[in-house]
Structure formats: structure tokens, C-alpha cells
Amino acid sequence: MDANGDGIGDLNGITAKLDHLTELGVNAVWLSPCYKSPNIDNGYDISDYRDIMDDFGTLDDWKRMISEMHKRGIKLIMDLVANHTSSEHFWFKEARKSKDNPYHDYYVWRKQIPNDWQSVFGGSAWEYNKATDEYYLHSFAVAQPDLNWENPAVRREMCDVVDYWVNLGVDGFRCDVLNYISKDFNTGLQFNGPRLHEFTKELFGRKEVKHIFTVGECSMGTDKIVDICGADRDELTCIFQFDHFDVGRVGRFGIRSHKIDEIRDILVFWQNFTQKNNLIYTLFTDNHDQTNYISRLGNDKEYRYECATMFAAMFYLLKGIPFIYQGQEFGMPQPNYDDIELFDDIETRKFYNSVKGKMPNNELMKLINFGSRDNFRHPMCWYNSKNYGFGVGDTWLALHSRGGEVNLENDKASKKSVFEFYKKIIDLRKASKAIRLGAFENITVGNGYFAYLRKFDDEEILVVCNFETEREITRLPEWGYLFGNGNNRQPNGKYAPYETAIFKK
Ligand code: GLC
Ligand code: CA
């Protein structure tokens with residue numbers, strides 16, 4: 001929410017809306033970067049790690065926000081961008097001046113382009129710097145130079161940043177692309193390099209900060225996950241695992257047909273794997289980099305309510321830590337625009353410019369609407385008022401194209417309220433040891449649905465999620481009905497498309 005009328009959401013806006021989180025049952029907030037930044041990548045290009053972006057407010061506003069959160073029993077998780085800084089950061093401005101500048105070795109330089117590493121946003125990851133006649137590495141945008149973690153001074157700086165915020169009271173960090181901090185030039189590994197564990201431990205294994213919660217944005221194989229999240233390792237509490245985002249797409253913008261069964265199989269694999277290895281799993285369907293799950297993988301037209309609630313039951317009653325992204329709690333679908341000027345995201349614009357002219361524009365806009373990271377960054381739709389209640393000024397990004405139909409006010413007034421369903425899910429998690437701590441067991445037979453059990457001592461819960469088409473589900477234990485999104489009050493029976501129901505022994 002925008003509190004000062006300049007059209008940009010801000011910290012005071014968050015503070016003003018904390019009661020919404022309390023009502024939902026949320027007890028921790030992860031904030032995307034709000035540090036000083038030229039903001040070419042939504043704040044993931046930091047120019048000062050110890051201060052707040054002007055657009056979002058001041059450090060005093062931040063202090064008021066965290067104290068209001070703590071008063072309500074809400075913890076705060078800040079985003080830590082450790083792999084790169086902004087090219088406007090003092091370190092880089094110095095580093096690029098000359099080879100003997102004390103900050104030069106804070107970044108990764110090569111006389112010649114040494115390999116074909118690519119920027120995640122497209123194009124070569126190497127950029128020429130005239131003053132030193134060298135190339136620097138940027139695994140993301142040109143204006144996001146990678147830090148050189150091999151340099152102990154860089155590691156010390158980042159530890160200081162962590163300590164600074166921990167001293168100000170933050171409860172944890174979400175660690176942006178953390179697995180990029182170690183690279184291996186010999187084997188060509190741009191991420192998940194050999195010193196990742198050592199560096200992570202240096203950052204978070206110190207006794208001053210060991211108690212804080214950490215979740216790493218790390219795409220990695222099962223072996224590495226066991227190492228980085230193992231309870232005895234002093235590295236991370238948990239990571240975000242992204243396999244379930246590859247369903248239904250190729251890369252960011254390529255559309256692929258899919259069945260929800262693929263998502264179930266991925267979840268079952270990771271539930272079993274994390275359970276067996278005693279790891280904490282994270283449960284999420286959406287975030288600031290993803291397109292809305294219900295639109296991309298479900299049906300956000302005639303079944304929007306059913307899809308939003310079925311996915312909620314499918315994910316958030318599993319074993320792990322649930323993360324909900326703003327708007328998800330009332331079933332916000334994907335917006336649609338036919339004009340590229342309504343998109344801000346750097347990755348989206350780069351993709352558009354690289355494909356423009358090679359296919360009809362309406363086809364290209366279809367891909368943009370399908371894949372753009374802006375999909376979930378539009379101003380939050382609160383009420384049926386100006387700017388859907390986001391604030392009085394012209395908004396920094398286009399208003400959501402379906403905001404008049406789907407917003408929090410409409411949802412709460414509806415008999416089919418996604419928000420009410422989310423509340424039930426969260427209440428159940430809080431009340432039930434089986435959901436929070438219990439074992440997971442998949443009892444699905446065949447395809448087209450997902451049925452699983454959660455057990456702790458003699459408490460047992462059954463979650464049934466039907467997928468795309470109506471079907472008869474049988475062979476389930478006949479337990480008592482808790483809640484659901486449709487008509488089934490008995491476990492065995494005919495389920496409508498996207499129907500879900502939860503039962504207790
Ligand atoms: C992470 C962030 C993303 C950002 C990128 C570079 O993937 O989630 O938003 O663009 O890192 O920092
Ligand atoms: Ca503002």
C-alpha cells in the first residue's frame with residue numbers, strides 16, 4: 001500500500017496494513033529488498049546495504065514498521081542480496097576506477113572474456129570496463145556486478161551487513177541467489193561452486209547470528225541440499241526448491257501443456273526426500289518472480305475460487321514452512337495487457353526486445369503475459385475504490401486488469417471467499433501437530449487427484465485434492481469432515497473439478 005500518495009508502495013503502507021496479516025493468521029513477513037537502490041531490478045541492485053530506498057521511506061519508518069510487527073507477534077525476514085551489488089554501490093564505483101584501487105578485488109575481473117557464461121536476463125555475463133581495460137562478471141543485469149567472494153574482505157563486509165540488521169532486530173533473511181556466491185572457473189560452474197558451504201557457514205554459522213532463520217534461494221540437487229540445510233551444518237535453515245515451477249513451461253516464457261499430476265509427483269518426491277533426510281521443506285506456489293499458479297496451472301475463469309483453494313490445500317497442509325505471496329490469499333489471477341509499455345520488469349523488457357519482429361506482436365504479448373515477473377507485482381487490490389485502495393497517486397505499475405472483479409473487498413463479501421479458506425488452512429496448521437510436525441504419506445492410486453495423510457501420534461488428517469476433471473475417488477478411509485471447497489462431506493465419492501476436502505480420523 002502507498003501511504004504518501006506518490007503511487008509507490010512503501011514501508012508506512014505496510015505498517016498501516018498489518019491488521020490484514022494478523023486477521024489472516026500470518027506470523028512472519030518476508031520483505032523483498034527495500035535498501036537504497038537505483039531500482040533497475042526491483043531493488044535487487046543495492047547501492048547501500050544499511051539504508052532504505054527513498055521511494056519506500058526512511059530507516060525510522062523501517063524501525064517503526066518492525067516494532068509494530070513485533071508488537072503483533074509478526075517476525076520480519078529481510079532479503080539479503082549477497083551475490084551482487086548495484087553498479088552504483090560505492091565499492092563498484094571505486095573498483096572500476098583502477099586495478100590498484102583497494103576495492104578492485106571486491107568484484108570478478110578478467111583481462112579477456114574467459115568463458116561463455118550467460119546473464120540470467122539474457123546475453124553474455126561479461127561487460128567491458130574501459131578504465132581498467134578488463135571485463136567484469138554480472139550473472140544478472142549489467143548494472144548488477146557479481147561480488148568476488150574469494151576475497152575475505154568481501155565476506156567480512158557481508159557478515160557486517162548481516163550483523164547490522166540482526167542488531168536492529170530482524171528475525172531472519174531470505175538469501176537471494178545464494179548458490180551463485182561460489183563459482184568454479186576450472187569446471188565452468190557459474191553457481192553451486194566448491195566453496196558454497198564454507199562461505200554460507202561463515203555468514204550464518206557464527207554464534208552471534210546462528211539463531212536466526214534463513215531461507216536460501218538455491219536451485220540445487222538433492223546432495224547439496226542435504227549439506228546446506230542439514231541441522232548440524234550451521235549453514236541455512238531451509239531453501240526454496242523450484243522444481244514445481246517447471247511444470248507447464250519451458251524457460252520463463254515458453255508455454256507447455258501439463259497435467260497437475262506432474263506437480264503432485266514433484267511434491268511427493270520432495271516430501272519423502274526431506275522427511276527421510278530430516279530437512280525442512282518450503283511450501284509456496286507464487287512469489288515476486290513467478291506467474292500466478294492458479295492462472296498458469298489451473299483455471300482462473302470458471303474455477304478461480306476452486307483452483308485457488310484446491311492449490312492452498314494441496315500445498316499448505318504438507319510438511320514444511322508455508323509462504324504466501326500478496327494477493328494469493330484472495331485468489332488474485334494473472335492480469336493481461338496488450339501493450340509492452342505497461343510492463344516494467346527488466347527481464348520482460350529484454351525478452352520482448354530480443355524477440356520483437358520475429359513473431360506477430362499479439363503472439364509475443366501472449367508469451368509476455370504468460371511469463372512476465374510483473375504478473376504478481378501489480379499494486380495490491382484492496383477495495384472497489386480509486387486505484388483499488390492502493391493509494392491516491394497514479395500507480396508506479398499499471399493497475400491489475402482484473403482488479404475490479406477480484407479484490408479483497410469482493411472476496412470477503414462473497415460466499416466463496418478464498419480468504420476465508422486460507423484462514424481455515426492457517427488455523428488448522430496452528431491447531432494440528434499432525435500438520436505442523438507429522439509424517440507425510442501419499443495414498444494416491446493412479447492419476448487425476450492427490451490424496452495424502454498427515455499423522456502425529458494418534459492424530460491423523462486426510463487431504464483430498466481433485467484435479468482438472470470430475471472423478472470418482474474411492475478406497476479412502478471414512479473419516480470425519482473438517483472443511484472443503486465443494487459438496488463432498490464423505491471422503492469417497494464424486495469430486496467436482498478442483499474440489500478439495502479435508503477429513504480427520
Ligand atoms: C533473485 C530474485 C530476483 C532477482 C534476481 C537477481 O532471483 O528473486 O527477483 O531479479 O535474484 O537479484
Ligand atoms: Ca509511496
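The values are calculated or read from the model by the stated rules, or taken from the named source; none is laboratory data. Just so it is clear, the model here is predicted, and its values are computed rather than measured. As a convention, Cβ positions derive from the backbone with ideal geometry for all residues, glycine included, and neighbour counts pool all protein chains shown. Areas reflect the complete protein model, heavy atoms only, side chains present, ligands, DNA and RNA absent. Shrake-Rupley method; radii C 1.70, N 1.55, O 1.52, S 1.80 Å.
Might you check whether a residue that is out of contact with any Leu (no Cβ under 9 Å at 6 or more places or on another chain), outside any loop (DSSP other than H, G, I, E, B) and basic (K, R) occurs anywhere in the stretch 91-109?
Checked against the condition, which is being out of contact with any Leu (no Cβ under 9 Å at 6 or more places or on another chain), outside any loop (DSSP other than H, G, I, E, B) and basic (K, R), the stretch 91-109 yields at least one hit.
Please enumerate the residues belonging to the stretch 119-142 that are open to solvent by 20 Å² or more (accessible area, probe 1.4 Å) and part of a strand (DSSP E or B).
Matches in the stretch 119-142: S124, E127, Y128, Y135.
Go through (1) touching a residue at least 12 places away in the same chain (Cβ under 8 Å); (2) of a type outside the set (S, T, Y); (3) within 22 Å of M158 (Cα to Cα) and name the single condition L59 misses.
Condition (1) is where L59 drops out.
Looking at the stretch 209-228, which of its residues are open to solvent by 10 Å² or more (accessible area, probe 1.4 Å) and either closer than 24 Å to S32 by Cα or among the aliphatic types (A, V, I, L, M) (or both)?
Those that are open to solvent by 10 Å² or more (accessible area, probe 1.4 Å) and either closer than 24 Å to S32 by Cα or among the aliphatic types (A, V, I, L, M) (or both): K210, H211, I212, F213, E217, S219, M220, V226.
Which one is nearest to ligand 1 (Cβ to nearest atom), of the residues in the stretch 38-52 that are open to solvent by less than 20 Å² (accessible area, probe 1.4 Å) and over 20 Å from M380 (Cα atoms)?
It comes out as Y44.
Restricting attention to the stretch 10-30, which residues are open to solvent by less than 20 Å² (accessible area, probe 1.4 Å) and within 16 Å of ligand 2 (Cβ to nearest atom)?
Selection gives D10, L11, G13, T15.
Check the stretch 279-289 and report whether any residue there is charged (D, E, K, R) and over 20 Å from the mean Cα position of the chain (by Cα).
Checked against the condition, which is being charged (D, E, K, R) and over 20 Å from the mean Cα position of the chain (by Cα), the stretch 279-289 yields no hits at all.
So R349 ticks every box in (1) without any contact (Cβ under 8 Å) to a residue 60 or more places away in the chain; (2) open to solvent by 10 Å² or more (accessible area, probe 1.4 Å); (3) within 16 Å of ligand 1 (Cβ to nearest atom); (4) touching a Lys or Arg at 6+ places or on another chain (Cβ under 9 Å) but one. Which box is left unticked?
(4)
Which residue, of T282, T274, T291, is within 16 Å of ligand 1 (Cβ to nearest atom) and within 17 Å of C238 (Cβ to Cβ)? Spell out how you get there, then give the answer.
Numbers: T274 fails: within 16 Å of ligand 1 (Cβ to nearest atom); T291 fails: within 17 Å of C238 (Cβ to Cβ).
Selected residue: T282, the only one of T282, T274, T291 that is within 16 Å of ligand 1 (Cβ to nearest atom) and within 17 Å of C238 (Cβ to Cβ).
What number of residues within the stretch 242-261 are outside any loop (DSSP other than H, G, I, E, B) and surrounded by fewer than 17 Cβ atoms within 10 Å (Cβ to Cβ)?
Number of matching residues: 4.
Can you tell me which residues in the stretch 296-354 are within 18 Å of the chain's Cα centre (by Cα), among the aromatic types (F, W, Y) and within 18 Å of Y388 (Cβ to Cβ)?
Of everything in the stretch 296-354, those that are within 18 Å of the chain's Cα centre (by Cα), among the aromatic types (F, W, Y) and within 18 Å of Y388 (Cβ to Cβ) turn out to be Y325, F330.
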